[in-house]
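Report on the structure given below.
The values are calculated or read from the model by the stated rules, or taken from the named source; none is laboratory data. Everything quoted here is computed from the prediction, not taken from an experiment. We place every Cβ from the backbone using ideal geometry, glycine too, and count neighbours over all the protein chains shown.
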Amino acid sequence: MNAPKMSEMLFSLKCFMASMLALYVSLAAGLPRPFWAMMTAYIVASPFSGAVRSKALFRVCGTLIGSTATIFMVPRLANAPELLSLALACWVGLCLYISLLDRTPRSYIFMLAGYTAGLIGFPAVTDPAAIFDTGLARVEEITIGILSATVVHSLVFPQGVGPALLGRLDRALADAQRWMADTLKPGAGKTQALHTRLALAGEISELRVMSTHLPFDTSQLRWTAGMVHGLHDRLAMMVPLLLAVEDRLNALRETDPDSLTPWTALLDDIAAWVQAGRDADPARAAGLRAALAQLTPELPSNAGWSAILRLNLAQRLDALIEACEDGLELRSNVSTVMQGGVARYTPHLTPAVLHRDHGMALRSALAAVVTILLCCAFWIFTAWPSGAAAPMMAGVLCCFFATQDDPVPAIRMFLKWTVISMPVAAFYILFVLPAVHSYEMLVLVIAPVFLVGGVFMPRPATAGSSLAFLIGVAGTLSLQDTDTLDIPSFLNSMVAQLFGFIAAAVITSLIRTVGGDWMARRMLRTARREVAQMTQASPSEPLLNISARMVDRIGLLMPRLAVSHPTPEERAVAVDGLRELRVGLHTAQLCGLQPLLEQGGVSLRPLLQKLGVYFGGSEHGHGKAPAVLLEKLDSTLRAVCAAAGTAADAGAARQQAAAALASMRRDLFPRAAAYQPEIAS
C-alpha cells in the first residue's frame, strides 16, 4: 500500500474538521442525534469542492422531500404496521426508479428522498406521535452536516473540479485529434486507434456527467459551463465522424487506391493541422475546407462506388474539420475566461438526451421494495426491539449500489468493512465514551480513527471500504445519543444492520444482478428499437441529440465489452459489432432529406420499411443483415443518383442522401462487394 500523499492527508483533515464542526453545532443546538450530523459530513465529502457544493444542495432538497413524505405517511398508517411498511418500501422504490433515470448528480435528490424516509420512518414506528419532531430533528442534523462539509471544503484549501475537468477535456480532445491524424495517414496502427476509440467514448460520457458539478465550483471555470458543455457536444459528434472517415479511407485504399492520389497533400495538411493540438490555428480550417470542396466529386447519374465513397468522405471530413474548429475555438474561449476575460453562453445539449433504461431502473426499484418488505416482515413477526435497523440499512444499500450491473460485490464489501468496524466501535462505545466528559476530549479520542480512515477515501480503490468503515464507527457512536451504552443494545443494533445487509445482498442477487455481456446486448437491442421507430416516422430530435445518445451508449458499452471480451481480437469484433448503432444517424438524416428527394421523384419509404423490419424484428448478429436489404439500398442509391435536381437545395440533398446511403451500406454490409451503378446483365 502506498504512503499517504499530502493531498490525501489534507482531505482527511478537512473531512474531520467538517464532521467536528457539525458535531459541535448539533450539540450546541441540543439536537437529539448529533452524531448523525457528523456522519453526514463524511457521506457528502468529495475531493472536489464543486462536487461537495452540488451534492449539498441536492441532498438538502432530497432530505426535505423524504422527511415530508415520512411525516405524511407515518401518522396515517401508524396503527397498521404492515401498510406502513408497504408504503415506505414503495416510496423508496419509486424514488430509486426516478433517480436511476436521471444520470446526473441531481439524482441525489430522488435517492435521498427515498432512503431518508426509511431512515426516519422505520425507527418512528414504535413512537408515531413524535414523528414530526423526529423528522424535523433529522432534517436539522443532516442539514448541519451538509452545510459544515460545504463550508470547510469550500474555504479550507478548496480543490476545484474545474482544473481536473479541464485536464480530462484536454486529454479527450487530444485523443480525438490523435485518432484523426492517425486515420488520415496510410498504415496507421489499428491497435492504437482501437485503444483511442475505447478511451474516447468512455471519457465523453463521464465528462458530460462530471461537468454538471461545474456551476457549483470554486474556480473561475464555473463561468464557462456553457462552453464546456458545447465542447462535449463537439467531441460527441466527432466520434461517429471519425469512425466514418476511417472506414471510407480504408474502403478506398482497398478498392481504388489511385483515386486518393489527388487527396494526399490535403490529407497531410489536415493531419498536420490537428497534430498541432491546442496550438492549431482555427482560422486554418477555412482554407482546408475550401481545398476539400475543390476535391469533392460531382454526383452524375451513373456515379460509381469510388466516386460515391469520395463524396461521402468529403462530407464527413468537412463536418469533422468544422467540429475540430469549433472545439479549438471553445477551448480557447475557456482559457480566455480563466484569465479574466468575458464569458458568453454557448448552446449545448442537456444530459436528458442520454441513454435511459427504464427496465433496469424498475428491476432495481423492485429489488429494494422486496428487500425492505422482507426485513419488515421478519421485524414485525419476531417483535425484534432493534429490528427497525434491518429495513433501514437494506434500503440504504439497495439505493447506494443500484447503478452497478452486479451490486452484490459492493454490498459484500460494505458488509465486510462494517463487521471490521464493530470491534473498534465496541471499544469506543463500551470503554472510551463513558469516560469522556467534554467536547474537546471527544475530539481527541476519536481523531486517530477518523483521520487515518479518511486518508483512504480519495483513493478509488479504497474509497468504498474506508467510507463503510467510518460510517460503521460513526453510526455506532450515535448509540450514545439514545442512552443505550450497553452490550445487549450494541449487539442488537449490529445484528439488525447485518441482517439488512445480508437481505440486500441475497435479494439483489436474485432480482437485480446481471452480467456485463447481458447489459451490452440489452443496450444494443434498445438502440435497434430506436432505429426501427425512426423508420416509422421522422425523428423528433435533431441529429446532434441522436449522435450524443449513440456515443453515450458506446461509452457505456465499452467497459462491459472489454470485460466480456478479454482478448484484443474479441474486443475488436465487439467494437465492429457497434457499427449498426451508426445506422440511426443515417436514418435520421435520410428522414430529414425525404421531402426534397420526393421533389425529384425518389421515395425512401420502401427502404425505410425494410430497415424497420430488420431492426424491429428478431435480434440479428452484426453482419447478418438480409441480402434483400442490400439490394434495396443499392436500388435506392441508383435512384438518388439518377434523380433530377433543379434547385440548388435539391442538388445538395441528392449528394447528402447518396453519402448517407453509402455510409449505411458500409455499416450494414462492410464485407459486401462494391456497389454497381447498373445491374449486371
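Select from the stretch 1-60 the residues that are closer than 25 Å to L136 by Cβ and free of Cβ contacts under 8 Å to residues at least 12 places away in the same chain and list them in ascending order. Scanning the stretch 1-60 gives A28, G30. Going by what's in this entry, would A625 be described as in contact with a helix residue (DSSP H, G or I) (Cβ under 9 Å, 6 or more places away or on another chain), at pLDDT below 75 and of a type in the set (A, V, I, L, M)? Judged against the criteria, A625 is not a match.
Out of Q294, Q275, I need the residue that is surrounded by fewer than 18 Cβ atoms within 10 Å (Cβ to Cβ) and at pLDDT below 85. Which one?
Numbers: Q294 fails: at pLDDT below 85.
Matching residue, one of Q294, Q275: Q275.
Each residue in the stretch 151-181 was checked for being assigned to a helix (DSSP H, G or I) and under 24 Å from the mean Cα position of the chain (by Cα), and 18 of them qualify.
When you look at V92, is it under 28 Å from L366 (Cβ atoms), assigned by TED's automatic domain parsing to the domain that holds A51 and surrounded by 23 or more Cβ atoms within 10 Å (Cβ to Cβ), yes or no? In short, yes.
When each of G387, G475, G453, G464 is tested for being in a loop (DSSP other than H, G, I, E, B) and crowded, with 16+ Cβ neighbours inside 10 Å, the lone residue that passes is G387. For first residues located in the stretch 155-166 and within 25 Å of L21 (Cβ to Cβ), partners that are part of a loop (DSSP other than H, G, I, E, B) and at pLDDT 80 or above and lie 6+ apart or on another chain with Cβ distances below 8 Å form the pairs Q159/P47.
Of all the numbered requirements in (1) surrounded by fewer than 20 Cβ atoms within 10 Å (Cβ to Cβ); (2) in contact (Cβ under 8 Å) with a residue 60 or more places away in the chain, S99 misses one, and that requirement is (1). Within the stretch 649-660, the presence of a residue that is surrounded by fewer than 17 Cβ atoms within 10 Å (Cβ to Cβ), of a type outside the set (A, V, I, L, M), at pLDDT below 85 and touching a Lys or Arg at 6+ places or on another chain (Cβ under 8 Å) is excluded.
Check the stretch 108-116 and report whether any residue there is among the small types (G, A, S), assigned by TED's automatic domain parsing to the domain that holds L374, in contact with a Gly (Cβ under 7 Å, 6 or more places away or on another chain) and modelled with pLDDT of 90 or more.
Filtering the stretch 108-116 down to residues among the small types (G, A, S) leaves 113-114.
So of that shortlist, the ones also assigned by TED's automatic domain parsing to the domain that holds L374 come out as 113-114.
Restricting the remaining residues to those that are in contact with a Gly (Cβ under 7 Å, 6 or more places away or on another chain) gives 113-114.
Filter again for modelled with pLDDT of 90 or more, leaving 113-114.
So far as the stretch 108-116 goes, yes, one or more of its residues are among the small types (G, A, S), assigned by TED's automatic domain parsing to the domain that holds L374, in contact with a Gly (Cβ under 7 Å, 6 or more places away or on another chain) and modelled with pLDDT of 90 or more.
Is one or more of the residues making up the stretch 50-58 in the same structural domain as G114 (by TED's automatic domain parsing), part of a helix (DSSP H, G or I) and at pLDDT 90 or above? No: the stretch 50-58 contains no residue that is in the same structural domain as G114 (by TED's automatic domain parsing), part of a helix (DSSP H, G or I) and at pLDDT 90 or above.
Of the residues V575, V583, which is assigned by TED's automatic domain parsing to the domain that holds M664, of a type in the set (A, V, I, L, M, F, W, C) and modelled with pLDDT under 65? Walk me through it before giving the result.
Values: V583 fails: modelled with pLDDT under 65.
Of V575, V583, the one residue that is assigned by TED's automatic domain parsing to the domain that holds M664, of a type in the set (A, V, I, L, M, F, W, C) and modelled with pLDDT under 65 is V575.
Over 17 Å from W379 (Cα atoms), surrounded by 23 or more Cβ atoms within 10 Å (Cβ to Cβ), modelled with pLDDT under 90 and touching a Ser or Thr at 6+ places or on another chain (Cβ under 8 Å), is that true of I142? Here the answer is yes, as I142 does meet what is asked. When the stretch 120-130 is filtered for residues that are surrounded by fewer than 22 Cβ atoms within 10 Å (Cβ to Cβ) and assigned to a helix (DSSP H, G or I), the ones remaining, listed by number, are P123, V125, T126, P128, A129, A130. Could you tell me whether F110 is out of contact with any His (no Cβ under 7 Å at 6 or more places or on another chain), of a type outside the set (A, V, I, L, M), assigned to a helix (DSSP H, G or I) and farther than 20 Å from C376 by Cβ? Here the answer is yes, as F110 does meet what is asked.
For the stretch 286-308, what are the residues that are in a helix (DSSP H, G or I) and closer than 19 Å to A653 by Cβ? Write out each step before concluding.
Of all residues in the stretch 286-308, those in a helix (DSSP H, G or I) come to 286-295, 305-308.
Listed by number, the residues that qualify are A293, A307, I308.
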